[in-house]
Amino acid sequence: MKLLDIFAKLKGDMNRIEQELERSITFGDELLSETSLHLLKAGGKRLRPVFVLLAGKFGHYDLDKLTKVAVPLELIHMSSLVHDDVIDDATTRRGQLTVKSKWDNRIAMYTGDFIFGRALTIATELEDPFIHQMLSKSLVQMSIGEMEQIRYFFNTEQSIRDYLLRIRRKTALLIAISCQLGAAAAGADRDTVNRLYRYGYNVGMTFQIRDDLLDLFGTEKQIGKPPGSDIHQGNITLPVILALQDEKVREPLLEQIRIIREHNGNVDTKPAISLIKSSKGIQLAEQLADDYIKKALHALEGLPSIGAKKNLIDIAHFVGKRNY
């Protein structure tokens, strides 16, 4: 089953979540509502709410309760994007002007803070300390991950482990707890909740690795931003780390990265990307992404053979091979 088919099956419930997302940020200050809606209307895959709903199928499915989990998680993700765009000085996202580009950095930062605040407000409507604890922990870890990314900008000596720990915090944990909290909110048993957490974590790791690969060989139409944005900003991702381990390209690639840094990114990144593509960096990164997908599928073994399980398997395959 294709991803669009899965979304179609959940259309009614996803429409409810979309309405709640809009309602949650159309609140209080007019400008903050406008900037938040600008980001919301730019779209997105809404994978985190989908994971919440599918995980909820393994327990007592209650859309009202699941919505109060899905909306905060998506809002947390949205707010992190606004902050990311300021840090990365990004002008477009999903083919649309970013909040910082259409308004300015200050407005963007307060927009992100506003969306964060609305996420926490909605989460308090659920009287479950476990959900509150996991949401707060994820916020702490995401913040640490973002700081690590800044600290490692243009650091060509970082290890694969450094990178994996960073994307675990930045991306994988939020996807993991989307699955975990969807099941927990539905009253699923502990083994099921834990299995879905592991599934989400491994899918999340693959999602970010594929994102970093797409940044190198995807088109602007595919990824909604100029190719090579990561290395342009100094973000040394897995394919680059692996390429730097290739003796044939290490020195010329180091020189290209040095040039990019010295010119504050105002230089063509195509020579650097060409070197990365000529190494085994792309292939090895794809192999690691495949390994994480295998772990994700393994985590689902033993769960009931319901439609949601098949959907989660299909999503894992999509994430493993996605090109947008």
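The values are calculated or read from the model by the stated rules, or taken from the named source; none is laboratory data. Please read these numbers as outputs of a predicted model, since none were measured by experiment. Ideal geometry is used to build each Cβ from the backbone, glycine not excepted, and the neighbour counts take in all protein chains shown. Surface accessibility is based on the protein's heavy atoms, side chains included, excluding ligands, DNA and RNA. Shrake-Rupley method; radii C 1.70, N 1.55, O 1.52, S 1.80 Å.
Which numbered condition trips up ALA123, out of (1) within 15 Å of THR35 (Cα to Cα); (2) surrounded by 14 or more Cβ atoms within 10 Å (Cβ to Cβ)?
(1)
Go through (1) modelled with pLDDT of 85 or more; (2) more than 20 Å from ALA176 (Cβ to Cβ) one by one and return the number of the condition GLU127 breaks.
(1)
Going by the conditions given, is LYS57 touching a helix residue (DSSP H, G or I) at 6+ places or on another chain (Cβ under 6 Å), basic (Lys, Arg) and touching a residue at least 24 places away in the same chain (Cβ under 8 Å)?
Criteria met by LYS57.
Taking the stretch 68-79, which residues are open to solvent by less than 10 Å² (accessible area, probe 1.4 Å) and within 17 Å of ALA176 (Cα to Cα)?
VAL69, ALA70, VAL71, PRO72, LEU73, GLU74, LEU75, ILE76, MET78
Take VAL140 and tell me if it is within 16 Å of the chain's Cα centre (by Cα), surrounded by fewer than 17 Cβ atoms within 10 Å (Cβ to Cβ), assigned to a helix (DSSP H, G or I) and aliphatic (A, V, I, L, M).
When the stated conditions are applied, VAL140 passes them.
Across the stretch 186-196, what is the total count of residues that are of a type in the set (Gly, Ala, Ser) and open to solvent by less than 10 Å² (accessible area, probe 1.4 Å)?
Residues that pass the stated criteria total 1.
Going by the structure shown, is SER159 over 21 Å from ASP290 (Cβ atoms) and polar (S, T, N, Q)?
no
For the stretch 25-60, what are the residues that are under 13 Å from LEU75 (Cβ atoms) and modelled with pLDDT of 90 or more?
ARG48, PRO49, VAL52
Is there a residue in the stretch 175-188 that is at pLDDT 95 or above, within 20 Å of the chain's Cα centre (by Cα) and not in a helix (DSSP H, G or I)?
Among the residues of the stretch 175-188, not one is at pLDDT 95 or above, within 20 Å of the chain's Cα centre (by Cα) and not in a helix (DSSP H, G or I), which makes the answer no.
Starting from residues that are of a type outside the set (A, V, I, L, M, F, W, C) and assigned to a loop (DSSP other than H, G, I, E, B), keep the ones in the stretch 143-174 and report whichever is least open to solvent (accessible area, probe 1.4 Å).
If we take residues in the stretch 143-174 being of a type outside the set (A, V, I, L, M, F, W, C) and assigned to a loop (DSSP other than H, G, I, E, B), then GLN158 is least open to solvent (accessible area, probe 1.4 Å).
Give me the pairs: first residue in the stretch 118-144 and under 16 Å from LEU21 (Cα atoms), second residue not in a helix (DSSP H, G or I), beta-carbon distance under 7 Å, and six or more apart or on different chains, which are they?
Within 7 Å, the pairs are ARG118/PHE27.
All but one of (1) at pLDDT 90 or above; (2) among the β-branched types (Val, Ile, Thr); (3) in contact with a Leu (Cβ under 7 Å, 6 or more places away or on another chain) hold for THR171; which doesn't?
So the condition that THR171 fails would be (3).
Looking at VAL99, VAL82, can you tell me which residue is open to solvent by less than 10 Å² (accessible area, probe 1.4 Å) and farther than 30 Å from GLY56 by Cα?
One residue alone meets the criteria, VAL99.
If the Cβ limit is 7 Å and pairs must be 6+ apart or interchain, which residue in the stretch 215-244 that is under 15 Å from ASP85 (Cα atoms) and touching a residue at least 60 places away in the same chain (Cβ under 8 Å) pairs with which residue that is basic (Lys, Arg) and open to solvent by 10 Å² or more (accessible area, probe 1.4 Å)?
Cβ pairs passing all conditions: GLY224/ARG93; GLY224/ARG94; LYS225/ARG93; GLY234/ARG261.
Only one of ARG106, ARG118 is at negative phi, open to solvent by less than 70 Å² (accessible area, probe 1.4 Å) and of a type in the set (Lys, Arg); which?
ARG118
Exactly one of these conditions fails for PHE217: (1) buried (at least 21 other Cβ atoms within 10 Å of the Cβ); (2) in contact with a Lys or Arg (Cβ under 8 Å, 6 or more places away or on another chain); (3) modelled with pLDDT under 95. Give me its number.
Of everything listed in (1) buried (at least 21 other Cβ atoms within 10 Å of the Cβ); (2) in contact with a Lys or Arg (Cβ under 8 Å, 6 or more places away or on another chain); (3) modelled with pLDDT under 95, PHE217 misses just condition (1).
For the stretch 1-47, give me each residue that is touching a Ser or Thr at 6+ places or on another chain (Cβ under 6 Å) and not in a helix (DSSP H, G or I).
THR26
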